[in-house]
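A.B. asks: Please find one structure pasted underneath; my questions will follow.
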Amino acid sequence: MMIWTEFSQRFSASRRLSPETVRGYFADLELFLAYWASREPLVGPHDVQKRHLADWFLSMKRAPGVSEATASGRLRSVLVLLRWAVRQQILLIDPSQGIKVQKPSRPIPRILTPAEVSQLLQAPLQKNRFFTKLRDRAILELLYATGMRGGELLALNVQDLDLADASLQILTGKGKNRRLPLTEPAVRA
């Protein structure tokens, strides 16, 4: 019978997930195990039963300061781990069978008008510091032109930018490179 430390090592080694994703899954698993630690310690994945998952989820939903979206996300993380264990034949019986967790619906964000976009892109030019305003304008133009994520922007290096080709190479969260075309205003900025 496998204990949680061995389980986490096998899961981490077998999946091509970003380290942040793996940490998130195991942070939620830790919350699950902490909840049961004083009640009925779960030594390994083979100890988990459907009632453990249901009781934990209901307790989170009742807890002050925990939204339904947070409770659902945490339960989904634990379900991912358990379902992986079933596929790997670590578990012969799926304790999560029949448990479905709906992703909470999020309202579609309002789209900015062209005037609002222009105002946003001009905002850095109001700053007093010359290089700061140029940097901030370039950042906003890059985000607007490419639709890249904030984490992808933070990971950029100067050598990722090809002004002659009007393109940018970014490293995605899964460790893959992709090339994005740039608009003329982004190149100028």
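A.B. asks: Among the lysines in the chain, how many pairs, 8 or more places apart or on different chains, have alpha carbons under 25 Å apart? Can you show the working numbers first?
C.D. replies: Numbers: K50/K61; K50/K100; K50/K103; K61/K100; K61/K103; K103/K174.
The result is 6.
A.B. asks: In debye to the nearest 20, how big a dipole does segment 37-89 give about its Cα centre with +1 on each Lys and Arg Cβ and -1 on each Asp and Glu Cβ? Could the numbers behind the result be given before it?
C.D. replies: Numbers: 9 positive and 4 negative charges, 31 e Å.
The calculation lands at about 140 debye.
A.B. asks: For the chain, list the DSSP H helices whose alpha carbon atoms reach 20 Å or more along the long axis and whose average Kyte-Doolittle value is -1.0 or above?
C.D. replies: Working: long enough: 19-37 (26 Å, 0.28); 68-87 (28 Å, 0.41); 130-146 (24 Å, 0.37).
Result, helices passing both filters: 19-37, 68-87, 130-146.
A.B. asks: Work out the charge dipole of segment 58-189 with +1 on the Cβ of Lys and Arg and -1 on the Cβ of Asp and Glu about the Cα centre, then indicate which of Q122, A166, A69 is farthest towards its positive end.
C.D. replies: Result: A69.
A.B. asks: Here is a follow-up. Which whole number in µm²/s is D for segment 16-64 by Stokes-Einstein, with the Kirkwood Rh taken over Cα pairs at 10 °C and 1.306 mPa s? Before the final figure, lay out each step's value.
C.D. replies: Values: Rh = 11.9 Å.
The calculation lands on 134 µm²/s.
A.B. asks: Let me ask something else. Expressed as a rounded percentage, what relative contact order does segment 48-152 have, with Cα pairs under 8 Å and six or more residues apart?
C.D. replies: Details: 53 pairs, mean separation 19.1, N = 105.
For segment 48-152, the relative contact order is 18 percent.
A.B. asks: Further question: Checking the a/c ratio against 1.5 first, then a/b against b/c, what shape does the Cα gyration tensor give for segment 1-104? Before the final figure, lay out the partial values.
C.D. replies: Details: a/c = 1.55, a/b = 1.30, b/c = 1.20.
Since a/c reaches 1.5 and a/b is larger than b/c, the shape of segment 1-104 is classed as prolate.
A.B. asks: Follow-up question, since we're still on this one. Size of the dipole of the chain about the Cα centre, Lys and Arg at +1 and Asp and Glu at -1 on the beta carbon, nothing else charged, in debye to 20?
C.D. replies: Working: 28 positive and 17 negative charges, 54 e Å.
For the chain, the charge dipole is close to 260 debye.
A.B. asks: What nm value, rounded to one decimal, do you get for the distance between V66 and L121 when each label is placed 7 Å out toward the C-beta?
C.D. replies: Distance between the two pseudo-spin positions: 4.5 nm.
A.B. asks: From Cα pairs below 8 angstrom and at least 6 apart in sequence, can you work out the relative contact order of the chain, rounded to a whole percent? Intermediate results must be reported in sequence, preceding the final value.
C.D. replies: Working: 158 pairs, mean separation 29.8, N = 189.
It comes to 16 percent, rounded to a whole number.
A.B. asks: Report the residue, chosen from L121, L29, L112, that carries the largest GNM mean-square fluctuation when the chain is represented by alpha-carbon nodes joined by springs under 10 Å.
C.D. replies: Comparing L121, L29, L112 in the GNM, the peak value goes to L112.
A.B. asks: Would you mind classifying the chain by shape? Square roots of the alpha carbon gyration tensor eigenvalues, ordered a ≥ b ≥ c; an a/c under 1.5 is rounded, otherwise it is prolate if a/b is larger than b/c and oblate if not. Provide the component values of the computation, followed by the final result.
C.D. replies: Working: a/c = 3.19, a/b = 2.14, b/c = 1.49.
Prolate.
A.B. asks: If you keep only loop residues by DSSP, which trypsin sites (Lys or Arg not before Pro) in segment 47-137 have at most 15 other Cβ atoms within 10 Å of their Cβ? All intermediate terms of the calculation are to be shown ahead of the outcome.
C.D. replies: On the way: sites: K50, R51, K61, R62, R74, R76, R83, R87, K100, R110, K127, R129, K133, R135, R137; in loops: K100, R110, K127, R129.
Sites meeting the loop and neighbour criteria: K100, R110, K127, R129.
A.B. asks: Related question: Could you please state how large a percent of the accessible area of the chain is carbon and sulfur, counting protein chains only and using a 1.4 Å probe? Intermediate results must be reported in sequence, preceding the final value.
C.D. replies: Numbers: 7090 of 12740 Å².
Reported share for carbon and sulfur atoms: 56 percent.
A.B. asks: Just to confirm the filter: which trypsin sites (Lys or Arg not before Pro) across segment 1-30 are DSSP coil and have at most 10 other Cβ within 10 angstrom of their Cβ? Walk me through the numbers before you get to the answer.
C.D. replies: Numbers: sites: R10, R15, R16, R23; in loops: R15, R16.
Those that pass, being in a loop and sparsely packed, are R16.
A.B. asks: Next question, about the same structure. Work out how much length R179 to R83 would gain on full extension: take 0.36 nm times their residue separation and subtract the Cα-Cα distance, in nm to one decimal.
C.D. replies: Details: separation 96, 0.36 × 96 = 34.56 nm, distance 3.45 nm.
Contour length minus Cα-Cα distance gives 31.1 nm.
A.B. asks: Right, something else. Where the centre of each part is set by its Cα atoms, how far does segment 5-20 sit from segment 67-145, in angstrom?
C.D. replies: Between the Cα centre of segment 5-20 and that of segment 67-145, the gap is 22 Å.
A.B. asks: Hey, another quick one. Go through segment 1-105 and name the chymotrypsin sites (Phe, Trp or Tyr not before Pro) that are in a DSSP coil and have 11 or fewer other Cβ atoms within 10 Å of their Cβ. Spell out each step's value before the answer.
C.D. replies: On the way: sites: W4, F7, F11, Y25, F26, F32, Y35, W36, W56, F57, W84; in loops: none.
Answer in residue order: no site qualifies.
A.B. asks: What accessible area per residue, rounded to a whole number of Å², is obtained for segment 4-151 using a probe radius of 1.4 Å? Please report the intermediate quantities before stating the final value.
C.D. replies: Working: 9800 Å² over 148 residues.
For segment 4-151, the per-residue accessible area is 66 Å².
The values are calculated or read from the model by the stated rules, or taken from the named source; none is laboratory data. Note that the structure is a prediction, hence the values are computed from the model and not measured. Here the Cβ is made from the backbone with ideal geometry for all residues, glycine too, and neighbour counts use every protein chain on show. Protein only, heavy atoms only, side chains kept; ligands, DNA and RNA dropped before computing areas. Shrake-Rupley method; radii C 1.70, N 1.55, O 1.52, S 1.80 Å.
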